[in-house]
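A.B. asks: I have a structure I would like to understand better, so I am pasting it below and will then ask my questions one at a time.
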Amino acid sequence: MRLRRRRCLVCYWHAGAFVVHGYPRLSPLELHPVAVEMLAAFDDWIELDRAMEDLVGFDRASIEEAVAVLRENSLLLQEGSDEANEDEKIFDQWGPWAPEASLFHYATQDEHYVRVDLAFDSLESTANDANEVVPDDGIKRRVHTLFTTYPEADRLLLPRGSTRLSEPFDQVLHRRRTHRDFTDQPVSLETFSALLAMVFGPVDFIDSGRSALLRRTSASGGSRQEIDACVGVLNVEGVPPGTYHYNCLEHSLELLGEGLTRDQVVELCGRQEWAGATAFIVVLCATIDRMLSKYRTPRAYRICLLNAGHLGQTFALAATALGLGPFQTAAFHDSTVAEFCGLDNIGRTPLYILAAGHPNNDPITPPLAGLDTFRRTSLYTQQRGSA
């Protein structure tokens, strides 16, 4: 019988303990760090007696005991077993994305195994007292705040004129495209203001039973509304180029930094040269405590990412309806963007970049796919039916 360590496995230190975390469906397991040496001896399929030759300094009884524990917890797999076959398939499928993306995907896939008490207690222990509250049930939670503000910043109050979007919704859906070619025409203050209000402004406020929550035109998990908008302005009438925080309660721009150039926007957007021609960019920034105030499980970070996608789509459709050309990108260096927005990249972190400007009247569009194109295209992923 030959054994091999699970390929889908990550080791780390957490709350003073050494943790071996296999996936999928495995709980994080606290072990002695010597487990690494044991697992390393089974890097590829090998018989126990042969592996013992590499484990110098351990007696046979202790090795057999350790191997039994690792096998019991599915960290060592038996050749030909269903678990081993699944492990190999996952490792091959996720390929260059492993282990970061595959661990995130599988470790947050099923909530039932998460040690909520340990995970959340460790977060609470590092929180500031000002960010904590102990309600009647005695469970310490993060305070949920509705808005972010920079009270000392200079601010520009935006106009609140009504902008009617009379274009039929189906036409807006079909006209929505990602634009990468823009004119030098500035975006009017009224259009810019209307877009920010429609996407990021509050629609109404509801009673959660514990406190007030706000709703926007986009869906938000638990109505946490943890995502703020940091705006980089290049070419908007009446707004000096610079970096601003959109205060959605005041409907104002709070000045974070004066001046912004096309080269800076290109750098922020992963050095994509066409990005510098846009009129403005919007960085979606997550305030983690707002999500932690309700959801304790790591899966909630998925919700933050989904919420960013909701806002991105609403932004693209609203911009299209207002006659602008939108684009969105995840191709950026998080640390650079966080510094640009004045975020600590710990409790407040960038997730997504949106932008818009006046699209070129004669945009370069790819040709429609013809018969020859489809001859070179794989149309379907073949799936076998379940037995």
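A.B. asks: Checking Y246 against (1) part of a loop (DSSP other than H, G, I, E, B); (2) out of contact with any His (no Cβ under 7 Å at 6 or more places or on another chain); (3) closer than 25 Å to R348 by Cα; (4) open to solvent by less than 50 Å² (accessible area, probe 1.4 Å): exactly one of these is not met. Which one?
C.D. replies: The failed condition is (1).
A quick yes/no check of all residues on (1) open to solvent by 30 Å² or more (accessible area, probe 1.4 Å); (2) at negative phi; (3) among the acidic types (D, E); (4) part of a helix (DSSP H, G or I):
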| position | (1), (2), (3), (4) |
| --- | --- |
| Y12 | yes, yes, no, no |
| V20 | no, yes, no, no |
| R25 | yes, no, no, no |
| H32 | yes, yes, no, no |
| D54 | yes, yes, yes, no |
| I63 | no, yes, no, yes |
| L70 | no, yes, no, yes |
| G80 | yes, no, no, no |
| E83 | yes, yes, yes, yes |
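A.B. asks: Those residues that are under 19 Å from L189 (Cβ atoms) and open to solvent by 60 Å² or more (accessible area, probe 1.4 Å), I need them from the stretch 257-274; list them, please.
C.D. replies: Within the stretch 257-274, just E258 meets the criteria.
A.B. asks: Residues that are touching a helix residue (DSSP H, G or I) at 6+ places or on another chain (Cβ under 9 Å), under 30 Å from R164 (Cβ atoms) and part of a loop (DSSP other than H, G, I, E, B): does the stretch 323-346 have at least one?
C.D. replies: Yes - at least one qualifying residue is present in the stretch 323-346.
A.B. asks: Here is a further query. Would you please list the contacts, defined by Cβ atoms under 6 Å and residues six or more apart or on different chains, that run from a residue in the stretch 329-351 that is polar (S, T, N, Q) to a residue that is at pLDDT 95 or above?
C.D. replies: These pairs meet every condition: T329/C269; T329/I353; N345/A338; T349/A286.
A.B. asks: A further question on this structure: Only residues in the stretch 309-327 that are of a type in the set (F, W, Y) count as the first member; pair them with residues that are assigned to a helix (DSSP H, G or I) and crowded, with 20+ Cβ neighbours inside 10 Å, Cβ under 8 angstrom, at least 6 apart or cross-chain, and list the lot.
C.D. replies: Correct list of pairs: F315/L195; F315/V199; F327/A275.
A.B. asks: Just give me the residues in the stretch 44-99 being of a type in the set (K, R) and touching a residue at least 24 places away in the same chain (Cβ under 8 Å), in sequence order.
C.D. replies: Residues of the stretch 44-99 of a type in the set (K, R): 50, 60, 71, 89.
Listed by number, the list holds a single entry, R71.
A.B. asks: Then there's this: Against the conditions (1) open to solvent by 50 Å² or more (accessible area, probe 1.4 Å); (2) closer than 27 Å to L305 by Cβ; (3) of a type in the set (S, T, N, Q), where does S223 fall short? Just the number, please.
C.D. replies: Failed condition: (1).
A.B. asks: Quick check, is L260 on the phi < 0 side of the Ramachandran plot, touching a residue at least 40 places away in the same chain (Cβ under 8 Å) and in contact with a strand residue (DSSP E or B) (Cβ under 9 Å, 6 or more places away or on another chain)? It would help to see each step written out before you state the result.
C.D. replies: On the way: on the phi < 0 side of the Ramachandran plot: yes; touching a residue at least 40 places away in the same chain (Cβ under 8 Å): no; in contact with a strand residue (DSSP E or B) (Cβ under 9 Å, 6 or more places away or on another chain): yes.
Criteria not met by L260.
A.B. asks: Quick check on the stretch 170-184: of everything there that is surrounded by 14 or more Cβ atoms within 10 Å (Cβ to Cβ) and not in a helix (DSSP H, G or I), which residue is farthest from the chain's Cα centre (by Cα)? I'd like the intermediate steps shown before the answer.
C.D. replies: Just the residues of the stretch 170-184 that are surrounded by 14 or more Cβ atoms within 10 Å (Cβ to Cβ), to begin with: 172, 176-177, 179-183.
Checking the rest, the ones that are also not in a helix (DSSP H, G or I) come to 176-177, 179-183.
Values: R176: 23, R177: 23, H179: 23, R180: 24, D181: 27, F182: 28, T183: 31 Å.
So the residue we want is T183.
A.B. asks: Looking only at the stretch 275-297, which residues are assigned to a helix (DSSP H, G or I) and within 18 Å of the chain's Cα centre (by Cα)?
C.D. replies: Let us first name the residues in the stretch 275-297 that are assigned to a helix (DSSP H, G or I), namely 275-277, 288-292.
Residues satisfying the conditions are I288, D289, R290, M291, L292.
A.B. asks: Further, regarding this structure: I'd like to check something: does the stretch 258-274 contain any residue that is outside any helix (DSSP H, G or I), within 15 Å of the chain's Cα centre (by Cα) and of a type outside the set (K, R)? Walk me through how you get there before you give the answer.
C.D. replies: Restricting attention to the stretch 258-274, the residues satisfying the condition of being outside any helix (DSSP H, G or I) are 258-261, 269-272.
With within 15 Å of the chain's Cα centre (by Cα) added as a condition, the list becomes none.
Looking through the stretch 258-274, none of the residues is outside any helix (DSSP H, G or I), within 15 Å of the chain's Cα centre (by Cα) and of a type outside the set (K, R).
A.B. asks: Okay, next question. For the condition at pLDDT 95 or above and either surrounded by 12 or more Cβ atoms within 10 Å (Cβ to Cβ) or outside the structural domain of R210 (by the TED database) (or both), what is the one hit in T163, T149?
C.D. replies: On the way: T163 fails: at pLDDT 95 or above.
None of the others qualify; the one that does is T149.
The values are calculated or read from the model by the stated rules, or taken from the named source; none is laboratory data. As the structure is a prediction and not an experimental result, all values here were calculated from the model. Note: ideal-geometry Cβ built from the backbone for every residue, glycine included; neighbour counts use all protein chains shown. For the accessible areas, the whole protein counts, side chains as well, though only heavy atoms, and no ligand, DNA or RNA atoms are used. Shrake-Rupley method; radii C 1.70, N 1.55, O 1.52, S 1.80 Å.
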